[in-house]
Amino acid sequence: MTYDTILVEQRDAVTLITLNRPQALNALSSHVLKDLSAAFAAYDADPSQRCAVLTGSGDKAFAAGADIKEMVDKDAADFFLQDFFSGWQTGVVATRKPWIAAVNGFALGGGCELAMMADYIIAADSARFGQPEIKLGVAPGMGGSQRLTRAVGKAKAMDMCLTGRMMGAEEAERAGLVSRIVPAAELLDEALKDAALIAAMPPMAAMVNKEMVNIAFETGLAQGLLTERRLFQILTATEDKKEGMTAFVEKRPGVFKGR
Ligand code: HXC
């Protein structure tokens with residue numbers, strides 16, 4: 001399948017998705033959302049694909065936000081009636097298999113929010129994160145006020161949302177927004193290396209691990225612990241659990257089927 005605003009390629013079991021509007025700093029238009037939703041759905045549905053990486057084309061930006069030119073003439077009724085931004089939840093966040101955001105350059109507004117939808121973020125040393133919507137007279141609309149606060153705490157989230165300032169890669173790592181920083185020239189290789197590592201894991205276990213961590217993000221401790229235990233118990237019924245543990249005992253690498 002071909003797309004207008006993104007590039008998608010499969011590298012063995014890893015799907016690489018690249019936002020491809022470099023002339024607009026990969027701004028996230030409705031068309032981008034439509035393309036990304038289709039690409040993530042195809043990734044989720046393809047049993048040969050076990051991890052994905054999302055990055056931005058050009059070295060300047062991961063994504064500089066929702067497309068301001070698309071929003072400038074819309075009024076409140078348009079946003080409400082189109083339930084603007086709701087598609088990010090159903091089209092991107094709902095992806096059940098793991099994916100990593102490889103953030104190069106600007107990740108602002110919706111770009112920062114999109115990166116935070118990933119299971120984790122690897123940042124280039126050039127990465128800059130921010131929620132500058134306040135400068136446009138609005139506020140985050142794709143989860144930024146919620147996910148950023150959960151990721152970095154109230155003080156820094158307030159600071160970012162109220163001042164609209166950008167945060168560099170080192171500050172983002174210190175604050176817990178990104179898992180690690182790599183030199184910009186090595187970003188894609190590093191992210192693809194992680195993805196290949198994850199792709200070699202038992203796929204159902206990868207999906208369950210993802211679901212468990214997300215539950216920690218979204219619910220209280222008692223509910224989270226119960227859900228963790230139940231999901232763990234379900235995983236023990238898989239063929240890959242038998243293979244993984246048998247392979248350990250027999251001192252050989254496991255070969256996983258995804259069942
Ligand atoms: C549409 C964008 C864009 C955006 C950049 N461009 N960001 N187009 N939507 N979010 C376009 C510019 O118009 C320009 O195209 C081209 O990309 C290059 O951008 P420049 O501004 O010329 O580059 P530079 O001077 O290097 O500045 C980079 C920048 C700046 C600091 C990242 O572009 C910027 O501040 N962008 C907006 C960041 C932002 O406010 N994001 C949040 C959006 S709101 P042309 O063809 O014009 O030269 C959001 C959620 C909203 O994400 C929720 C509300 C409901």
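The values are calculated or read from the model by the stated rules, or taken from the named source; none is laboratory data. These numbers were taken from a predicted model, which means no experiment stands behind them. A quick note on method: Cβ atoms are made from the backbone with ideal geometry, for glycine too, and the neighbour counts reach across all protein chains shown. Ligands, DNA and RNA are stripped out before the accessible areas are found, and what is left, the full protein with its side chains, is counted by its heavy atoms. Shrake-Rupley method; radii C 1.70, N 1.55, O 1.52, S 1.80 Å.
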(message) Considering only region 219-229, I want to know if a residue exists there that is at pLDDT 95 or above, open to solvent by 50 Å² or more (accessible area, probe 1.4 Å), in a helix (DSSP H, G or I) and of a type in the set (Gly, Ala, Ser).
(response) yes
(message) With open to solvent by less than 20 Å² (accessible area, probe 1.4 Å) and in contact with an Asp or Glu (Cβ under 8 Å, 6 or more places away or on another chain) as the only criterion, which of LEU36, LEU16 stands out?
(response) LEU16
(message) Let me spell it out: the conditions are (1) away from the ligand (no atom under 15 Å from the Cβ); (2) open to solvent by less than 10 Å² (accessible area, probe 1.4 Å); (3) farther than 21 Å from LYS193 by Cβ, and ALA63 meets all of them except one. Which number is the exception?
(response) (1)
(request) From (1) under 19 Å from ASN26 (Cα atoms); (2) in contact with an Asp or Glu (Cβ under 6 Å, 6 or more places away or on another chain), pick out the condition that doesn't hold for ALA107. (result) (2)
(message) Here's a check for you: in region 132-154, which residue that is touching an Asp or Glu at 6+ places or on another chain (Cβ under 8 Å) and assigned to a loop (DSSP other than H, G, I, E, B) is nearest to the ligand (Cβ to nearest atom)?
(response) GLY141
(message) Show the residue pairs meeting these rules: Cβ distance below 8 Å; 6+ apart or different chains; first residue within region 140-162 and open to solvent by less than 30 Å² (accessible area, probe 1.4 Å); second residue among the aromatic types (Phe, Trp, Tyr).
(response) MET142/PHE85; MET142/TRP88; GLY143/TRP88; MET160/PHE129
(message) It is to be established whether one or more residues within region 52-59 are open to solvent by 80 Å² or more (accessible area, probe 1.4 Å) and out of contact with any Cys (no Cβ under 6 Å at 6 or more places or on another chain).
(response) yes
(request) State yes or no: is ALA123 buried (at least 23 other Cβ atoms within 10 Å of the Cβ) and in contact with a Gly (Cβ under 8 Å, 6 or more places away or on another chain)? (result) no
(request) List every residue pair whose Cβ atoms sit under 8 Å apart, with the two residues 6 or more apart in sequence or on different chains, where the first one lies in region 238-259 and is among the acidic types (Asp, Glu) and the second, anywhere, is open to solvent by 90 Å² or more (accessible area, probe 1.4 Å). (result) GLU239/LYS257; GLU239/ARG259; ASP240/LYS257; ASP240/ARG259; GLU243/VAL255; GLU243/LYS257
(request) Mind listing just one residue for me: the one in region 126-139 that is touching a helix residue (DSSP H, G or I) at 6+ places or on another chain (Cβ under 7 Å) and open to solvent by less than 30 Å² (accessible area, probe 1.4 Å) and, of those, farthest from PHE79 (Cα to Cα)? (result) ALA127
(message) Going through ASP75, ASP46 one at a time, which residue ends up being within 14 Å of the ligand (Cβ to nearest atom) and either of a type in the set (Phe, Trp, Tyr) or free of Cβ contacts under 8 Å to residues at least 40 places away in the same chain (or both)?
(response) ASP75
(request) Determine, yes or no, whether ILE6 is more than 14 Å from the chain's Cα centre (by Cα) and open to solvent by less than 20 Å² (accessible area, probe 1.4 Å). (result) yes
(request) For residues that are open to solvent by 30 Å² or more (accessible area, probe 1.4 Å), at pLDDT 95 or above and within 8 Å of the ligand (Cβ to nearest atom), tally how many sit in region 80-120. (result) 1
